[in-house]
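Engineer: I'd like to ask you about the structure that follows.
The values are calculated or read from the model by the stated rules, or taken from the named source; none is laboratory data. The shown structure was predicted, so the numbers you read here are calculated from the model rather than taken from an experiment. To get the accessible areas, we keep the full protein, side chains included, count just its heavy atoms, and leave off ligands, DNA and RNA. Shrake-Rupley method; radii C 1.70, N 1.55, O 1.52, S 1.80 Å.
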Amino acid sequence: MASTLAKCFLTVNLLLLFVQVLAGRDFYKILGVSKSADVKQIKRAYRKLAKELHPDKNRGDPEAEQRFQDLGAAYEVLSDEEKRKVYDRHGEEGLKQGDMGGDPFSSFFGDFGFNFGFGGGGNQRDREVPRGGDVVMDLDVTLEELYSGDFVEILRYKPVTKPAKGKRKCNCRMETVTQQLGPGRFQMSQQQVCDECPNVKFVPEEKVLEVEIEPGMRDGQEYPFVAEGEPHMDGEPGDLRFIIRQVKHPRFERKGDDLYTNVTVSLQDALTGFEMHITHLDGHKVHVVRDKITWPGARMRKSNEGMPNYENNNVKGSMFITFDIDFPKGTLSDEEKEGLKAILKQDSKQTVYNGL
């Protein structure tokens, strides 16, 4: 009886081990989203974590590179509808094996091919994985998109590896070889050792990438796509990095989270006051009222009418409005001049000074 229970307990433990291996990484946990999250929530979570976990920001952390790769793998699967369906049914192993249909344990029990990694496979994993080059590109973005946020689709022709005829040398590395020259005599030297792999070729494939322009993003900010850069025949592809480039706007200039604009008013409005509306980047109207004299170069500040802060979209900068005066052309009659002097009640005054 005890022997039977022990066998059952061992069988259950083995099944649990196989299930854990089969499940692989928890991509939902890596991205910090629920299983019901939609594509936009997944993209937003990836964008946020990609900035926090990028290896360049975590130098000195030996696990930073692996966490960043896990994040990229999670995003690649969960942002793809078909891959996500397979992952939800069979876990990460299902993606490697293809959709396994009915029996998720077939890859473990088929032919009883247990392989727990003992033996000479460790040196292969310990080698440094070669990596393709990064691709860096500028992405022109309007100030309207940086204010409200948007999704920009980019068509990418990415080289991918496809099987080809023949064999090729791969995983080449330098190894130390010891050669016996005689009794008590030997020689050590470095020589290149290569494996023989199936041949492959690069074929361009069309892929649509979606860049999320988040409100408050700044000129020069980086937007990475993990593993979308140049491929490597024997390793991993590099990254594709877009650099946000703000396009010059006809009405507004941005400085940090503040917006600057100029308004030209007539001399009559400058002297008597005026009321107007400025159309903002998202179409809403900014109300401007002046009930006092406006001089050339006068500046008005409108709080919370600037750009949203990237880290906290609930906080916005200010809008600064500088007024220019449109003076009338032509000449005034003597009678008009006297009438104007009576209205302005100013003495004649000319002052020379360095105003720079």
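Engineer: Taking the square root of 5 times each eigenvalue of the Cα gyration tensor, what semi-axes in Å does the equivalent ellipsoid of segment 181-261 have, largest first? Each step should come with its number before you reach the end.
Structural biologist: Numbers: eigenvalues 558, 79, 14 Å².
Square roots of five times the eigenvalues give 53, 20, 8 Å.
Engineer: Please report the carbon-and-sulfur percent of the accessible area for segment 306-356; probe 1.4 Å, protein heavy atoms only, DNA, RNA and ligands left out.
Structural biologist: Details: 2240 of 4370 Å².
Solvent-exposed carbon and sulfur of segment 306-356 make up 51 percent of the total.
Engineer: May I pose another question? GLY317's amide H: which non-local residues (gap 5+, or another chain) put their own amide H closer than 5 Å, with H modeled 1.01 Å from N in plane and none for Pro or chain starts?
Structural biologist: Result for GLY317 returns GLY306, MET307, ASN309.
Engineer: Quick check on segment 224-356: of the DSSP beta bridges with both residues there, what percent are antiparallel, nearest 5%?
Structural biologist: 65
Engineer: Express in Å², to the nearest 10, the accessible area of ARG245 obtained by rolling a 1.4 Å probe over the protein heavy atoms while all chains stay in place.
Structural biologist: 90
Engineer: Separate question: Can you tell me the accessible area per residue over segment 289-356, all protein chains present, probe 1.4 angstrom, in square angstrom?
Structural biologist: Dividing the accessible area of segment 289-356 by its residue count gives 84 Å².
Engineer: To check my understanding: the extent here is largest minus smallest coordinate of the Cα atoms along each principal axis. What are those three numbers for segment 280-327, in Å, largest first?
Structural biologist: Cα extents, longest axis first: 43, 19, 17 Å.
Engineer: Accessible area per residue of segment 187-269 at 1.4 Å probe, in Å²?
Structural biologist: On the way: 4430 Å² over 83 residues.
Solvent-accessible surface per residue comes out at 53 Å².
Engineer: Separate question: If you count only protein heavy atoms and use a 1.4 Å probe, how large is the accessible surface of ASP88, to the nearest 10 Å²?
Structural biologist: 90
Engineer: So, one more: From the backbone phi of segment 36-49, what are the Karplus-calculated ³J(HN,Hα) couplings (6.51 cos²θ - 1.76 cosθ + 1.60, θ = phi - 60°) in whole Hz, Gly and Pro given as x?
Structural biologist: Running phi through 6.51 cos²θ - 1.76 cosθ + 1.60 with θ = phi - 60° gives 9, 4, 8, 4, 5, 5, 5, 5, 5, 5, 5, 4, 5, 6 Hz.
Engineer: Share of segment 173-256's accessible area from carbon and sulfur, percent, 1.4 Å?
Structural biologist: That fraction is 49 percent.
Engineer: Using a 1.4 angstrom probe with every protein chain in place, what is the largest-first accessible-area order of GLU81, GLU210?
Structural biologist: GLU81, GLU210
Engineer: If DNA, RNA and ligands are ignored and the probe is 1.4 Å, what is the ranking of SER79, SER36, SER303 by accessible area, most exposed first?
Structural biologist: Ranked from most to least accessible, the order is SER36, SER303, SER79.
Engineer: Please list 3J(HN,Hα) in residue order for segment 318-335, calculated via the Karplus relation 6.51 cos²θ - 1.76 cosθ + 1.60 where θ = phi - 60°; whole Hz, with x for glycine and proline.
Structural biologist: 10, 10, 10, 10, 9, 9, 10, 10, 8, 6, x, 9, x, 10, 9, 6, 4, 5
Engineer: Continuing with the same structure: For ARG241, ARG59, what's the largest-to-smallest order of accessible area, 1.4 Å probe?
Structural biologist: ARG59, ARG241
Engineer: Using protein chains only and a probe of 1.4 angstrom, how many square angstrom of GLU145 are accessible, to the nearest 10?
Structural biologist: Near enough 40 Å² of accessible area.
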